[in-house]
Amino acid sequence: MIAETVCSAVSAAGLGIAAVTAYRKRFLAAARIAAYSLVPLGLVMAGVVDWLADTAFSPTAWAGFGVLGLSWVLFATTRTVERRRGGTRKERKAARAAARPEAAAPGASAPSLGQGSRPAARPAATSRGEDDFSDIEAILKKHGI
């Protein structure tokens, strides 16, 4: 009984605010405020408020909410684990099959891997401390600089 009275009062106050807003020539905002203010009245008339009041004091309803919460936690946990592993078993198997490199592209006439005709661009470095710029020198020589 109290919930219906409070919802009706909130709706009446919202409609009053909408009327003042419309008086100030802000009709779009007034229509939006009126729409929001009619929601509590509609909930009372539809019986949702009575259902919520009955649910709030029912231990069976609270147990049901607990079961729903548990199922949500299990769902979220399994989704997190699935994302970390990389998907379902079929998806992992397909990813492994696709990750195997082929020697040649499917439509290529010659193998894509193999020794080129030019010499290696990077000489073997003997000591790391003295040849810090050997990589840079190799790149510059490769480009003819």
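How large a share of the accessible area of the stretch 32-86, in percent, is made up of carbon and sulfur atoms when the probe is 1.4 Å and the other protein chains stay in place?
72 percent
A cut-off under 13 angstrom between Cβ atoms defines the neighbours of G47, and their net charge, with Lys, Arg +1 and Asp, Glu -1, is -3.
Subtracting the Cα-Cα distance of R100 and E4 from their residue separation scaled by 0.36 nm leaves 27.8 nm. Charge tally for F75 (other residues, Cβ to Cβ under 15 Å; Lys, Arg +1; Asp, Glu -1): +1.
Compute the relative contact order of the stretch 1-106 as a whole-number percentage, counting only Cα pairs closer than 8 Å that sit 6 or more residues apart in sequence. It comes to 19 percent, rounded to a whole number.
Go through 71-77, 137-143 and give me the packing order, highest mean Cβ count within 10 Å leading.
137-143, 71-77
With only Cα atoms counted, the stretch 20-98 has Rg and Dmax values of 24.1, 70 Å.
Note on W62 and R32: with the Förster distance fixed at 35 Å, the Cβ-Cβ geometry gives a FRET efficiency of about 0.50.
The values are calculated or read from the model by the stated rules, or taken from the named source; none is laboratory data. Since this is a predicted model, take the numbers as computed values, not measurements. Note: ideal-geometry Cβ built from the backbone for every residue, glycine included; neighbour counts use all protein chains shown. Please note that ligands, DNA and RNA were not included when accessible areas were found on the heavy atoms of the full protein model with its side chains. Shrake-Rupley method; radii C 1.70, N 1.55, O 1.52, S 1.80 Å.
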